[in-house]
1. Between residues in segment 159-179 that are more than 15 Å from Asn129 (Cβ to Cβ) and residues that are open to solvent by less than 40 Å² (accessible area, probe 1.4 Å) and outside any helix (DSSP H, G or I), which pairs lie under 7 Å by C-beta distance while being six or more apart or on different chains?
2. Can you find, within segment 20-33, the residue that is farthest from Tyr165 (Cα to Cα) among those that are open to solvent by less than 40 Å² (accessible area, probe 1.4 Å) and not β-branched (Val, Ile, Thr)?
3. Out of segment 112-129, which residues are closer than 15 Å to Thr41 by Cβ and surrounded by fewer than 22 Cβ atoms within 10 Å (Cβ to Cβ)?
4. Of all residues being part of a loop (DSSP other than H, G, I, E, B) and free of Cβ contacts under 8 Å to residues at least 60 places away in the same chain in segment 96-111, which is surrounded by the fewest Cβ atoms within 10 Å (Cβ to Cβ)? Just the residue, please.
5. Would you check which residues across segment 34-43 are of a type outside the set (Gly, Ala, Ser) and either over 13 Å from Arg148 (Cβ atoms) or open to solvent by less than 60 Å² (accessible area, probe 1.4 Å) (or both) and list them?
6. Return the residues of segment 130-171 that are assigned to a strand (DSSP E or B), among the β-branched types (Val, Ile, Thr) and open to solvent by 20 Å² or more (accessible area, probe 1.4 Å); say none if nothing qualifies.
7. Just the residues that are surrounded by 12 or more Cβ atoms within 10 Å (Cβ to Cβ) and more than 15 Å from the chain's Cα centre (by Cα), please, taken from segment 5-14.
Amino acid sequence: MPQISPAEFCALPLRVHTFLADVPLHDVWAVDLPPARARVTLAEFHPIGSRNGGTRRLAGPARALFGLRFFLGRIFGLEREPKSGDSASFAARLTPEDRARSSVEAGTPAGAFRAVYRFEDESLLELHNRTAHAAALSALAPTANGYRFYLAVYVANESWLTPLYMALIDPFRRWIVYPAVLNNIRAAWIEFVSSRGADR
């Protein structure tokens, strides 16, 4: 599953481009999805952070890496949010129009993340702990042959630890975790559109 050029992602008409304009875009991934019988929106199919989401049925190596990360996080207290976490949340940037447009309330738990907003074809989740202040943006766009699901990662420095931490985990993210997550998203999509077609 490809790590794509930021230029392709930045050409999409998404709110996140202005919403997180001052937060570094770390990388962007995409997976092509087969067509559905009827139009599907990300508000209907939102795998990242959901119970049926991107980390279900992960291959053994990726599942082991998630387990190790959460284990070390508990041991060293890496998951604790900074005391200023609420005031520093990306949700503080939401305009009244953003809040009215979102189908979920900001701060709603979403797996290991918290929701910032969920629009029809764009969803932003946030993770804020001692290692980084990060955001995961999901977007779903129609293509000539179906759909393309985008996953973009933004990372703001929380402390001197952030660049060291990201440099340490990046090889595992790029070669093991993200390909496994995107494979799961494709599998979840196929199940979703199949069941949706059967319901019609």
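The values are calculated or read from the model by the stated rules, or taken from the named source; none is laboratory data. These numbers were taken from a predicted model, which means no experiment stands behind them. Glycine gets a Cβ as well: all are built from the backbone with ideal geometry, and neighbour counts include every protein chain shown. Each accessible area value is taken on the protein alone, full model and side chains, heavy atoms only, with ligands, DNA and RNA left out. Shrake-Rupley method; radii C 1.70, N 1.55, O 1.52, S 1.80 Å.
1. Final answer for the pair search is Tyr178/Trp29.
2. It comes out as Leu33.
3. Taking segment 112-129 as the starting set, the residues that turn out to be closer than 15 Å to Thr41 by Cβ are 117-123.
Phe119, Glu120, Asp121 - these are the residues of segment 112-129 that are closer than 15 Å to Thr41 by Cβ and surrounded by fewer than 22 Cβ atoms within 10 Å (Cβ to Cβ).
4. Checked segment 96-111; the qualifying residue surrounded by the fewest Cβ atoms within 10 Å (Cβ to Cβ) is Glu105.
5. Pro34, Arg37, Arg39, Val40, Thr41, Leu42
6. Initial filter on segment 130-171 (assigned to a strand (DSSP E or B)): 133-143, 146-156.
When the remaining residues are screened for being among the β-branched types (Val, Ile, Thr), the result is 143, 153, 155.
Within segment 130-171, just Thr143 meets the criteria.
7. Of everything in segment 5-14, those that are surrounded by 12 or more Cβ atoms within 10 Å (Cβ to Cβ) and more than 15 Å from the chain's Cα centre (by Cα) turn out to be Pro6, Glu8, Cys10, Leu12.
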